Amino acid sequence: MEADELAKWRHAGELARDALQYGRKLIVAEGAVLSAVTRIEDYVRRNDGGLAFPVNIATDEEAAHWTPSSRTDRRFAAGELVKLDVGVEIDGYIGDNALTVEIDGSRHDELRAAALKGLEQVIELAAPGVTTGVLGSAVQATIEECGLRPVANLTGHGIKRYDLHSGLSIPSVGGHRGTALRKDDVIAVEPFATNGAGRVGGKRNSNIYHLGSPRRVRDSAAAGLLELIRSEFHGLPFAERWLHAFSDEPRKPLQRLLRSGAVGFYPVLDELGHGMVAQAEHTLLLTSGGVEVLTA
């Protein structure tokens, strides 16, 4: 890996870490969720970073994929188990990390610890030549030793420039032959632990959007918005609230893009057994001797 490229990976990882730690202090009872997320995203921008995806806030049985819209008036509540997931890009090089906070409580300390132990196990084992299947088996064994379940259908992922999910999957369960890791691979490892069924699903709109299939869009306002989305976000996920920087009223054109298939949304992922969910995540760079934790 070239020195300039490595410097950008490290910069993205460090800023993602700092933004995550800044954000955890904003997750407090009665705090406005939209304000917290906006402040985290503004922190990234003030420090000359871009957002690799909208800041994710998933609560209790939600495992992942929710961010507030521009109209959200929700507030955090005592006792909630909140997953905070922050991604930063520097010239397209991405740092992705997450943590779990229980607001004014400690009922789910074991759940949070189990997800973190699964992540630590991957950091210890990962090296060039080790397969993703080995890592998945280790995560599963670690979380099950805590008397809990890993979420089987949520995986970590490879990262490339401007590509948050580059095709390489890092499972949290065994039974996969997997792919051998290679030097200079960048991977986001994110075990989810639950006291539920160990699987997620859902159809609700998360307010997190992505480019869909190429479509000819006849409506001029929608077509113009689509070009702005393509040029501003480089294929990375985006939020409706970000579009207000380019348009006084982006919601109707966005709905037209959704109906046409030119834009899609990520669904909120709920635990199918109604269990509580905890998450831990770091971005790792594979080195000749193991890994460098870019978001540590």
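Read the figures in this text as sums done on the coordinates, not as results from a lab. None of these values were measured; they are calculated from a predicted model. Neighbour counts run over all protein chains shown; Cβ positions are idealised from the backbone, glycine included.
Count the net charge of all other residues whose Cβ sits under 10 Å from the Cβ of Arg161, scoring Lys and Arg as +1 and Asp and Glu as -1. Don't skip to the answer; put the middle values down first.
Details: positive: Lys8, Lys160; negative: Glu5, Glu89, Asp91, Asp163.
Every neighbour counted, the sum reads -2.
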Dimensionless Rg over Rh [the stretch 147-280; C-alpha; Kirkwood]: 1.05
Cα Rg over Rh - the stretch 162-236, Kirkwood: 1.08
Compactness relative to 2.2 N^0.38 Å, alpha carbon Rg of the stretch 206-267: 0.96
Cβ-Cβ cut-off under 13 Å around Arg215, Lys and Arg +1, Asp and Glu -1: the net charge is +3
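Pairs to check: Lys25/Lys83; Lys160/Lys183; Lys83/Lys183; Lys83/Lys117; Lys8/Lys183. Give those whose C-alpha atoms are more than 22 Å from each other in this structure.
Lys83/Lys183
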Could you state the angle between the C-alpha long axis of helix 132-145 and the longest principal axis of the C-alpha atoms of the chain, as a value from 0 to 90 degrees rounded to the nearest 10? 70
Considering the alpha-carbon set of the chain alone, what are its Rg and its Dmax in angstrom? 18.7, 57
Pairing the Cα long axis of helix 251-260 with the longest principal axis of the chain, what angle in degrees results, from 0 to 90 and rounded to the nearest 10? 70
With +1 on each Lys and Arg Cβ and -1 on each Asp and Glu Cβ, how big is the dipole of the stretch 133-287 about its Cα centre, in debye rounded to the nearest 20? 640
If you put +1 on each Lys and Arg Cβ and -1 on each Asp and Glu Cβ, how big is the dipole of the chain around its Cα centre, in Debye rounded to 20? 1020
With charges only on Cβ, +1 for K and R and -1 for D and E, what is the dipole size of the stretch 189-243 about its Cα centre, in debye, rounded to 20? 280
Kindly provide the helix-only [θ] at 222 nm of the chain, computed as the sum of -39,500 (n - 2.57) over DSSP H runs of four or more divided by all residues, to the nearest 500 deg cm²/dmol? -10000 deg cm²/dmol
May I ask you to sort Glu62, Glu232, Glu102 by Cβ crowding, counting other Cβ atoms within 10 Å and putting the fewest first? Glu232, Glu102, Glu62
How many times 2.2 N^0.38 Å is the alpha carbon radius of gyration of the stretch 8-155? 1.10
Top positive-direction residue, dipole computed over the stretch 206-267 with Cβ charges, set Asn207, His244, Gly264: Gly264
